[in-house]
Structures are given as structure tokens and as C-alpha cells.
């Protein structure tokens, strides 16, 4: 594989990872909006079904994002001599990009679930 082909595949990987993250953010904000607007009026089954769908969908998107990031770095490592256009960029660090977005997104799922719980169990003052 030439460096140009590897660069093209790397850009595709980055594009898919950004798309997965964008969809994750969209799903999270949709879940939180529904939670805020109608969460207190949902039955227990409806709240659990909505939360289960949210966790599943978000999990699939996070897994997709993680796998594409790892694939990108494997692709980059497989090119002899690396991809010169990206080798001098200090933030192209596998540990950072495979860990940080994944961990932050998993925390985001917990925040979304807590938000729903907080709407459904308001503190009485």
C-alpha cells in the first residue's frame, strides 16, 4: 500500500470516528431532552425501555468509535515508514485517542442516566 492510499484510508477512519461521536452526542442530547420534557410522566416500563435503548445505542456508537480509532492506528503502524503527513503531529497519540473519547463517552452515558433518574426522583423541599 502506498503512503497516499494509507493516508486516504486514515482520513476515512477519522471521518467514521467523528461521525460515530457526532451520532453519540445527538443520541445523548435527544435522551436528555426527552428525559427533561416528559421523564417524570413516563411509566417505569417506558423509562426503562427508553434508558435501555439509549444505553444500547450509545454503546454501539462508542464501540464503533473505539474500533475505528484503533483501526486507524493499526493502519498507520502497518505502513513502512509511517504516514509522513501525520508523523510530525504530536497529538496523534494512540493512547490518548483510544482512551479519552471512549472514557468520556462512557461517563456521558452515566450522566444521561443520572439526569433521567434525577428528573424522575425530584428532591422535595
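Specify the residue that is modelled with the lowest pLDDT; the eligible residues are those in the stretch 58-72 that are under 11 Å from the mean Cα position of the chain (by Cα) and surrounded by fewer than 17 Cβ atoms within 10 Å (Cβ to Cβ). Result: 67. Looking only at the stretch 73-89, decide whether some residue is modelled with pLDDT of 85 or more, touching a helix residue (DSSP H, G or I) at 6+ places or on another chain (Cβ under 9 Å) and exposed (fewer than 14 other Cβ atoms within 10 Å of the Cβ). Within the stretch 73-89, none of the residues are modelled with pLDDT of 85 or more, touching a helix residue (DSSP H, G or I) at 6+ places or on another chain (Cβ under 9 Å) and exposed (fewer than 14 other Cβ atoms within 10 Å of the Cβ). Only residues that are surrounded by 15 or more Cβ atoms within 10 Å (Cβ to Cβ) and in a helix (DSSP H, G or I) were counted in the stretch 20-54, giving 15.
Residues in the stretch 9-19 that are free of Cβ contacts under 8 Å to residues at least 40 places away in the same chain and surrounded by 12 or more Cβ atoms within 10 Å (Cβ to Cβ): 11, 12, 18, 19.
So for the stretch 45-56 (the condition being touching a residue at least 12 places away in the same chain (Cβ under 8 Å) and more than 22 Å from the chain's Cα centre (by Cα)), does at least one residue qualify?
First, the residues of the stretch 45-56 that are touching a residue at least 12 places away in the same chain (Cβ under 8 Å): 47, 50-51, 54-55.
Checking which are more than 22 Å from the chain's Cα centre (by Cα) leaves us with 47.
Among the residues of the stretch 45-56, at least one is touching a residue at least 12 places away in the same chain (Cβ under 8 Å) and more than 22 Å from the chain's Cα centre (by Cα), which makes the answer yes.
Just one of 96, 91 is in a loop (DSSP other than H, G, I, E, B) and farther than 30 Å from residue 122 by Cβ; which is it? Spell out the reasoning first.
Details: 96 fails: in a loop (DSSP other than H, G, I, E, B).
Just a single option satisfies the conditions, and that option is 91.
The values are calculated or read from the model by the stated rules, or taken from the named source; none is laboratory data. Nothing here was measured: the structure is a model prediction, and the numbers come from that model. Don't worry about glycine lacking a Cβ; one is built from the backbone with ideal geometry, like all the others, and counts go over all protein chains shown.
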